[in-house]
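Please read the structure below before turning to the comments.
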Amino acid sequence: MYLPNIIRPEHTFIGVSAPTKWRALHIIADKAAKAFSVDSRAILKALEAREKLGSTGIGNGIAIPHAAIDGMSSPRGLLLRFSRSLDFEAIDDIPADIAVVLLFGENNRGEYLNVLSAIARRLQSNGVLAAMRKARTADEFYSDFIADSRA
């Protein structure tokens, strides 16, 4: 699996302003709806339902909101950096400043676990998070995340 096939440069955003995790999910749903031509209400409903099962804040300032969406034929994602960190209720209590969003179709449930694993590995690579946090543009942010990301 090749992460640039799932998360593309045009689906990368920095300086995203949201006062809460729940408002951030609204913004994510709107951006994903535009990017992937899927109904924003369906995306929001799925993301909120997933978040209620347990936080997608994985720690170290990272959240990976993810959900199955009717109408998605293959996994797709967004990469975001918030203008200020948000409480995603991570186990380490560190607010999230970076979110990697993964949406997938009902028929891709097996594949999405591989994608989540690839994303988590990428974010644990030496220097990746530090570089992403220092990036000044969305292009730099994306490049820091995606560089050498064959999984």
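Placing +1 on the Cβ of every Lys and Arg and -1 on the Cβ of every Asp and Glu, with no other charges, gives the chain a dipole of roughly 160 debye about its Cα centre. Partners of LYS134 within straight-line reach, counting lysines whose Cα lies under 25 Å from its Cα and excluding those fewer than 8 residues away in the same chain: LYS21, LYS31. Annotation: extensible slack from SER40 through LYS134 equals 30.8 nm (criterion: 0.36 nm per residue apart, minus Cα-Cα distance).
Comparing ILE7, TYR112, ILE62 along the charge dipole axis of the chain, the residue lying farthest to the positive side is ILE7, per the Cβ-charge model.
What part of the accessible area of the chain, given as a whole %, is carbon or sulfur when the probe is 1.4 angstrom?
On the way: 3520 of 7490 Å².
Carbon and sulfur: 47 percent of the exposed surface of the chain.
For a Förster distance of 41 Å, can you work out the FRET efficiency between the beta-carbons of ASP87 and ASN107, rounded to the nearest 0.05? Please list the in-between numbers first.
Values: r = 33 Å, r/R0 = 0.82.
The formula returns an efficiency of 0.75 here.
Its Kirkwood hydrodynamic radius, worked out from the mean inverse distance over all distinct Cα pairs, puts the chain at 15.1 Å.
The values are calculated or read from the model by the stated rules, or taken from the named source; none is laboratory data. All values reported here derive from a predicted model rather than from experimental measurement. Virtual Cβ from ideal backbone geometry, glycine too; neighbours counted across all protein chains shown. Surface accessibility is based on the protein's heavy atoms, side chains included, excluding ligands, DNA and RNA. Shrake-Rupley method; radii C 1.70, N 1.55, O 1.52, S 1.80 Å.
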